[in-house]
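First comes the structure, then the notes that go with it.
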Amino acid sequence: MKIFNTKQEIKDYLTSKKEENKTIGFVPTMGALHEGHLSLIKKAIKKNDLVVVSIFINPTQFDNPEDLVKYPKTIENDTKLLESVSCDVLFLPSVKEIYAENIASEKFDFDGLEHQMEGKFRNGHFDGVGTIVKTLFEIVTPNRSYFGQKDFQQLQIIKKMVKKNRLPVKIKGCPIFREKDGLAMSSRNTRLTTEHRNAAPFIYKTLKTARKKFGTENAVKVTEWVENQFKKHPFLELEYFTIADEKTLETIKNKESNKKYRAFIAVFAGEIRLIDNIRLKH
């Protein structure tokens, strides 16, 4: 596996590969890799000649400075994992390499997607996401890029950003990877206390019951039921639960037969914030 730290080095290398007509698959990450990341990389390997993974903890997408400081950093282990799945290239830039002296986000218009759910609770988060993903796409110039559906809102926002900026990359959303007990895999899970880790599968269990209820009840009733479940929970605090249109991400009250819906949730397990979602049938 080749490791590059500068934009120029990786650009030069990838340009030479593109001249050989090689296709590039790209998986941008913030490190602290787990099986969910590896599943994206394996998908990329199947469909591309060359796979690039970036590890960069992006300061502009953290609205909470403490969260940025505490974000897990496991570069040695990450490198071993990448080698174990035969990743071709690791891009490991510094903050200075990406932002120079100006650590700030571009301003984006995502047609309202950014004002829903996460956007209500994490000020400026999606401008930060848009900035880093656009920058990385311009450096790597991949044919395809892979993202997990755990961050479904982020996935839709990146698709919108690619479309609006006419970037020549196909965005591939990949299924949520879960622990055996149902908890969605996340780099933040390593920071959970034993108590909170044991409680966390309740999130997915509640989502599955909400999906069943959505078959016979309207969105308002299902939302009330979920909120009540968490009011009684000793270790988990609900930040939001919403049933939204997959395309617009707007909260719905009543179902329409020709639309696709998803339930989204954000929960605090102590000071660790966990998100998840589930596709709904109706």
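The values are calculated or read from the model by the stated rules, or taken from the named source; none is laboratory data. No experiment lies behind these values; they were computed from the predicted model shown. Methodologically, a virtual Cβ is constructed for each residue, glycine included, from the backbone with ideal geometry; neighbour enumeration extends over all protein chains shown. Just so you know, the surface numbers come from the protein's heavy atoms only, side chains and all, with ligands and any DNA or RNA stripped out. Shrake-Rupley method; radii C 1.70, N 1.55, O 1.52, S 1.80 Å.
Data overview
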read-out	value
Residue in the stretch 51-61 that is touching a Lys or Arg at 6+ places or on another chain (Cβ under 9 Å), in contact (Cβ under 8 Å) with a residue 60 or more places away in the chain and either surrounded by 23 or more Cβ atoms within 10 Å (Cβ to Cβ) or in a loop (DSSP other than H, G, I, E, B) (or both) present	no
Boolean, Lys46 is open to solvent by 50 Å² or more (accessible area, probe 1.4 Å), in a helix (DSSP H, G or I) and not aromatic (Phe, Trp, Tyr)	yes
Residues of the stretch 192-233 satisfying the condition of being farther than 15 Å from Phe268 by Cα, free of Cβ contacts under 8 Å to residues at least 60 places away in the same chain and not hydrophobic (A, V, I, L, M, F, W, C)	Lys205, Thr209, Lys212, Lys213, Thr216, Glu217, Asn218, Lys221, Thr223, Glu224, Asn228
Where Leu40 falls short, out of the listed (1) in a loop (DSSP other than H, G, I, E, B); (2) open to solvent by 10 Å² or more (accessible area, probe 1.4 Å); (3) in contact (Cβ under 8 Å) with a residue 40 or more places away in the chain	(1)
Boolean, Ile157 is surrounded by 18 or more Cβ atoms within 10 Å (Cβ to Cβ), under 17 Å from Phe264 (Cα atoms), out of contact with any His (no Cβ under 6 Å at 6 or more places or on another chain) and among the β-branched types (Val, Ile, Thr)	yes
Odd one out for Leu167 among (1) over 26 Å from Phe241 (Cα atoms); (2) open to solvent by less than 40 Å² (accessible area, probe 1.4 Å); (3) touching a residue at least 40 places away in the same chain (Cβ under 8 Å)	(3)
Criterion violated by Ile3 - all others in (1) at pLDDT 95 or above; (2) assigned to a loop (DSSP other than H, G, I, E, B); (3) open to solvent by 50 Å² or more (accessible area, probe 1.4 Å) satisfied	(2)
Per-region count, the stretch 105-117, residues crowded, with 22+ Cβ neighbours inside 10 Å and not in a loop (DSSP other than H, G, I, E, B)	2
